[in-house]
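The values are calculated or read from the model by the stated rules, or taken from the named source; none is laboratory data. These numbers come from a predicted model, not from an experiment. Here the Cβ is made from the backbone with ideal geometry for all residues, glycine too, and neighbour counts use every protein chain on show. The accessibility values were calculated without ligands, DNA or RNA, using every heavy atom of the protein model including side chains. Shrake-Rupley method; radii C 1.70, N 1.55, O 1.52, S 1.80 Å.
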Amino acid sequence: MNLTPVLTDTWDKDRSWRLATYERNGGYAGLKKALTMEPAALVQAVKDSGLRGRGGAGFPTGMKWGFLPPPDGGPRYLVVNADESEPGTCKDIPLMLASPQHLIEGVAITSFAIGCDHAFIYVRGEVLHVYRRLLNAVEEAYKAGYLGKNIQGSGFDLDVTVHAGAGAYICGEETALLDSLEGLRGQPRLKPPFPAVAGLYARPTVVNNVESIASVPAIVAEGAEWFSSMGTEKSKGHGLFSLSGHVTRPGQYEAPLGITLRELLDLSGGIRAGHELKFWTPGGSSTPIFTQDHLDTPLDYESVGAAGSMLGTRALQIFDETVCVVRAVSRWTDFYAHESCGKCTPCREGTYWLKQVLRRIESGEGQDGDLELLVDLCDNILGKAFCALGDGAVSPVTSSIEHFRDEYQAHIDGHGCPFDPSASALFPYTPKTTSPGAALVGAAGAGAGGHR
């Protein structure tokens, strides 16, 4: 299967992030065409394209736009979720760094389609370099007449605000993001009402992922049929696949949905020399893990779901046989326990106890019954938390026990971890230990695409 450079088509150009580079390569042709169309026709074109949300849920983008109630004379908003922060997920940040105008043009087209005159891009606060680049890109777009008053002489006005968050993973959940944007504590809202009816400032709001919005200009410029000709029957179009960890050439691979990991590994040089694949994530650390048995699973929403996981953000973290699955899952669980907002008991307390039990097993102090305890804890979190953070936190735990139960049991029976953490590292380092058999801090997890 061939790669399809659409969002990445200018990444290898000189100063790819500048407006002039974007324009030389066909940039803003989509906006100019959109401004000659009826807003309803734009919404229908996105529906016809089959574009689904690229932030993880995979909800049809055009359908989400269509949920907005009829205009009532008051404001309505577009909010772009650029709060990318899940371990292993790394597609939106490089997109905004390499070609922010893709996103800004998409924001302008989407705003015109839904009747919005003020859009917001909510960026994770720690990525200061991305925030600055977006600010500069928005300034360039204003000066060129692609934002501001009477855009391209069309009579359409649009202001764009780039907002830096304070660095909370929970603000990737759309309603927590809206509360944060309003200056409140970032916590999920009770739904209904949904954002389409009462979102930002209690007004109709569309919340979309960076990649979703950045995909819109090419759909308008090239046509819905062009976009839907790629991908599979129900998962249309192209997408960014982020390969990290034990792969020869990690990075972003833009390909039609439905490509397999085997094909992506062929394109990326395969697993690092002298090693073999052990396990991997199809959609980030919050999705159930896959093994070698899933190498030929088409990476589309339906096929990955049927195989027992989720396509998510297409963050493919690759782990070879040197990695301890207990160690990797324990690091991810540390992250989710830390990032739980604390609003609901199952997630707040459950992730804390998952963290304790996993650390106990890894440090050689595991007990008979700990695996059953982990599964029971997960059962008391799954489907009972206020938002999807709790569900995401249990996915790697339950799936790793399913696929690697013997490895967990070996930690318990052998009173320690049988793996050398330095063997999985991609660079020399000295692991630190806090108890016999435990290597709780080190770069092996991060080197293999994990969290530290």
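Look at (1) out of contact with any His (no Cβ under 8 Å at 6 or more places or on another chain); (2) closer than 27 Å to E254 by Cβ; (3) buried (at least 24 other Cβ atoms within 10 Å of the Cβ) and you find that M63 fails only one, number (3).
Taking the stretch 146-156 as the region of interest, how many residues are in a loop (DSSP other than H, G, I, E, B) and in contact with a helix residue (DSSP H, G or I) (Cβ under 7 Å, 6 or more places away or on another chain)? The total comes to 3. Exactly one of (1) touching a Pro at 6+ places or on another chain (Cβ under 7 Å); (2) closer than 28 Å to Y253 by Cα; (3) of a type in the set (A, V, I, L, M) is unmet by L68. Its number? So the condition that L68 fails would be (2). Looking at R314, R327 in this structure, which one is among the basic types (K, R), open to solvent by less than 10 Å² (accessible area, probe 1.4 Å) and under 30 Å from F427 (Cβ atoms)? Within the list R314, R327, the selection yields R314. If you go through the stretch 120-145 and keep only what is among the aliphatic types (A, V, I, L, M) and either within 19 Å of P94 (Cβ to Cβ) or outside any loop (DSSP other than H, G, I, E, B) (or both), you end up with I121, V123, V127, L128, V130, L134, L135, A137, V138, A141.
This table checks each residue for (1) out of contact with any Leu (no Cβ under 8 Å at 6 or more places or on another chain); (2) over 22 Å from H238 (Cα atoms).
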{"site": "R15", "(1), (2)": "yes, yes"}
{"site": "R24", "(1), (2)": "yes, yes"}
{"site": "K33", "(1), (2)": "yes, no"}
{"site": "K47", "(1), (2)": "yes, no"}
{"site": "L51", "(1), (2)": "yes, no"}
{"site": "G58", "(1), (2)": "no, no"}
{"site": "P71", "(1), (2)": "yes, yes"}
{"site": "Y77", "(1), (2)": "no, yes"}
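Within the stretch 104-119, the set of residues being under 22 Å from F67 (Cβ atoms) and in a helix (DSSP H, G or I) comprises G106, V107, A108, I109, T110, S111, F112, A113, I114. Return a yes/no flag: does the stretch 254-261 have any residue that is on the phi < 0 side of the Ramachandran plot and in contact with a helix residue (DSSP H, G or I) (Cβ under 6 Å, 6 or more places away or on another chain). For the stretch 254-261, residues on the phi < 0 side of the Ramachandran plot and in contact with a helix residue (DSSP H, G or I) (Cβ under 6 Å, 6 or more places away or on another chain): absent. Taking each residue of the stretch 176-187 that is over 12 Å from C341 (Cα atoms) and looking for partners that are charged (D, E, K, R) and surrounded by fewer than 19 Cβ atoms within 10 Å (Cβ to Cβ) with beta-carbon atoms closer than 7 Å, six or more apart or interchain, yields D179/R185.
Pairing each residue of the stretch 88-107 that is on the phi > 0 side of the Ramachandran plot with any residue that is β-branched (V, I, T), provided the two are 6+ apart or on different chains, yields C-beta distances under 9 Å for G88/T281; G88/T313.
When residues in the stretch 333-375 are screened for being free of Cβ contacts under 8 Å to residues at least 24 places away in the same chain, under 18 Å from D406 (Cα atoms) and of a type in the set (D, E), 1 of them pass. Within the stretch 180-215, the residues that satisfy the criterion of being buried (at least 19 other Cβ atoms within 10 Å of the Cβ) and part of a helix (DSSP H, G or I) are S180, L181, P195, A196, L200, V210, E211, S212, I213, A214.
Summed over the stretch 67-97, the residues that are open to solvent by less than 20 Å² (accessible area, probe 1.4 Å), assigned to a helix (DSSP H, G or I) and touching a Phe, Trp or Tyr at 6+ places or on another chain (Cβ under 8 Å) give a count of 0. Checked against the criterion of being open to solvent by less than 30 Å² (accessible area, probe 1.4 Å), closer than 30 Å to C341 by Cα and under 22 Å from the mean Cα position of the chain (by Cα), the candidates A119, A166 yield just one match: A119.
Report yes if some residue within the stretch 179-191 is touching a strand residue (DSSP E or B) at 6+ places or on another chain (Cβ under 8 Å) and within 26 Å of G237 (Cβ to Cβ); otherwise report no. No, the conditions are met nowhere in the stretch 179-191. The criterion of at least 1 residues that are open to solvent by 70 Å² or more (accessible area, probe 1.4 Å) and of a type in the set (F, W, Y) is met, among helices (runs of 4 or more DSSP H) falling completely within the stretch 333-418, by 345-362. Across the stretch 226-241, the number of residues qualifying as over 18 Å from the mean Cα position of the chain (by Cα), touching a residue at least 60 places away in the same chain (Cβ under 8 Å) and not in a strand (DSSP E or B) comes to 5.
The set of residues in the stretch 6-37 being assigned to a helix (DSSP H, G or I), closer than 18 Å to K143 by Cα and open to solvent by 20 Å² or more (accessible area, probe 1.4 Å) consists of A20, E23, R24, A29, K32. Tell me, please, whether a residue that is farther than 19 Å from T89 by Cβ, among the hydroxyl-bearing types (S, T, Y), surrounded by fewer than 23 Cβ atoms within 10 Å (Cβ to Cβ) and touching a Phe, Trp or Tyr at 6+ places or on another chain (Cβ under 9 Å) can be found in the stretch 225-243. Yes, the stretch 225-243 has at least one match.
Output the residues belonging to the stretch 400-452 that are touching a strand residue (DSSP E or B) at 6+ places or on another chain (Cβ under 8 Å) and modelled with pLDDT of 50 or more. Correct list: S400, H403, F404, G416, C417, S424, P431, K432.
Just one residue in the set Y146, Y142, Y131 is open to solvent by 40 Å² or more (accessible area, probe 1.4 Å) and farther than 23 Å from G172 by Cβ; that residue is Y142. Of all the criteria given as (1) open to solvent by 10 Å² or more (accessible area, probe 1.4 Å); (2) within 27 Å of L190 (Cα to Cα); (3) part of a loop (DSSP other than H, G, I, E, B), the one not satisfied by T297 is (2).
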